[in-house]
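Asker: A single structure is presented below for examination.
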């Protein structure tokens with residue numbers, strides 16, 4: 001499971017959306033929505049929210065401005081839809097973490113794999129650029145920034161904590177505070193790499209850099225195990 005599906009794979013109903021438009025089963029609407037969302041994401045990431053117009057999005061998508069408005073009420077709803085998609089993906093990832101890690105039979109390979117997957121998912125695709133975008137617009141959309149934090153990284157952390165609780169109950173980990181243990185694991189796995197990535201947009205898509213980050217994540221999991229293994 002990855003935190004980085006292609007934008008066209010998922011259609012997300014979001015708050016303040018026009019229900020008739022967003023939930024329409026007309027395949028033409030579905031195709032247009034996916035095309036427009038993918039184009040809008042590219043333009044938002046390049047120019048930011050205030051620097052992007054609906055005309056820009058329509059031109060990038062190769063559709064008319066009217067087509068954009070047939071699917072989305074306005075630019076803000078489109079921005080929310082893109083971030084809503086990221087939230088939904090993170091929630092699915094969190095559900096998978098809660099089951100696969102908690103049910104692991106061999107602790108060390110399972111935690112190394114969790115660290116690798118966390119690094120690859122967060123650092124290897126859309127997550128970091130979208131976080132940069134949302135951080136830049138947090139003062140404009142404080143309620144949505146808060147919702148993103150709680151339902152995306154926050155929910156993943158809650159899932160990791162629940163998995164660690166389950167592993168402790170099986171006698172595999174020594175955990176007094178599962179939330180703190182999850183924070184330790186996440187920082188050891190991706191903390192410095194994520195900080196670096198947020199401030200180095202030129203490194204987006206750098207395969208060698210991602211491989212190095214994944215290797216650091218595995219080392220982080222090993223350090224975590226030395227502290228928390230039962």
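Asker: For the range 136-162, which residues satisfy the criterion of being part of a helix (DSSP H, G or I) and either in contact with a strand residue (DSSP E or B) (Cβ under 8 Å, 6 or more places away or on another chain) or in contact (Cβ under 8 Å) with a residue 60 or more places away in the chain (or both)?
Answerer: Listed by number, the residues that qualify are 136, 144, 147, 148, 151, 153, 155, 156, 158, 159, 160, 162.
Asker: How many residues, within the range 204-222, are part of a helix (DSSP H, G or I) and surrounded by 15 or more Cβ atoms within 10 Å (Cβ to Cβ)?
Answerer: Going through the range 204-222 one residue at a time, the tally reaches 9.
Conditions tested, residue by residue: (1) at pLDDT 95 or above; (2) within 22 Å of residue 153 (Cα to Cα).
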{"position": "177", "(1), (2)": "yes, yes"}
{"position": "187", "(1), (2)": "yes, yes"}
{"position": "210", "(1), (2)": "no, yes"}
{"position": "220", "(1), (2)": "yes, yes"}
{"position": "230", "(1), (2)": "no, no"}
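Asker: All but one of (1) without any contact (Cβ under 8 Å) to a residue 40 or more places away in the chain; (2) surrounded by fewer than 21 Cβ atoms within 10 Å (Cβ to Cβ) hold for residue 120; which doesn't?
Answerer: (1)
Asker: Look at residue 183 and say whether it is within 24 Å of residue 129 (Cα to Cα), surrounded by fewer than 18 Cβ atoms within 10 Å (Cβ to Cβ) and modelled with pLDDT of 95 or more.
Answerer: Considered against the rule, which asks whether it is within 24 Å of residue 129 (Cα to Cα), surrounded by fewer than 18 Cβ atoms within 10 Å (Cβ to Cβ) and modelled with pLDDT of 95 or more, residue 183 comes out as yes.
Asker: Can you tell me which condition residue 115 does not meet? The list is (1) farther than 22 Å from residue 203 by Cβ; (2) assigned to a helix (DSSP H, G or I); (3) over 11 Å from the mean Cα position of the chain (by Cα), and all the others hold.
Answerer: In the conditions (1) farther than 22 Å from residue 203 by Cβ; (2) assigned to a helix (DSSP H, G or I); (3) over 11 Å from the mean Cα position of the chain (by Cα), residue 115 misses (1) alone.
Asker: Take residue 81 and tell me if it is surrounded by fewer than 19 Cβ atoms within 10 Å (Cβ to Cβ) and either part of a loop (DSSP other than H, G, I, E, B) or modelled with pLDDT of 90 or more (or both).
Answerer: No, not satisfied.
Asker: Here's another thing I want to ask about it. In this structure, is residue 46 assigned by TED's automatic domain parsing to the domain that holds residue 190 and surrounded by fewer than 16 Cβ atoms within 10 Å (Cβ to Cβ)?
Answerer: no
Asker: Still on this structure: All but one of (1) farther than 15 Å from residue 221 by Cβ; (2) surrounded by fewer than 17 Cβ atoms within 10 Å (Cβ to Cβ) hold for residue 108; state the number of the condition that does not hold.
Answerer: Looking at each condition in turn, residue 108 falls short on (1).
The values are calculated or read from the model by the stated rules, or taken from the named source; none is laboratory data. On a predicted model such as this, the values are computed, not experimentally measured, just so you know. Glycine also receives a Cβ, built like all others from the backbone with ideal geometry; neighbour counts cover every protein chain displayed.
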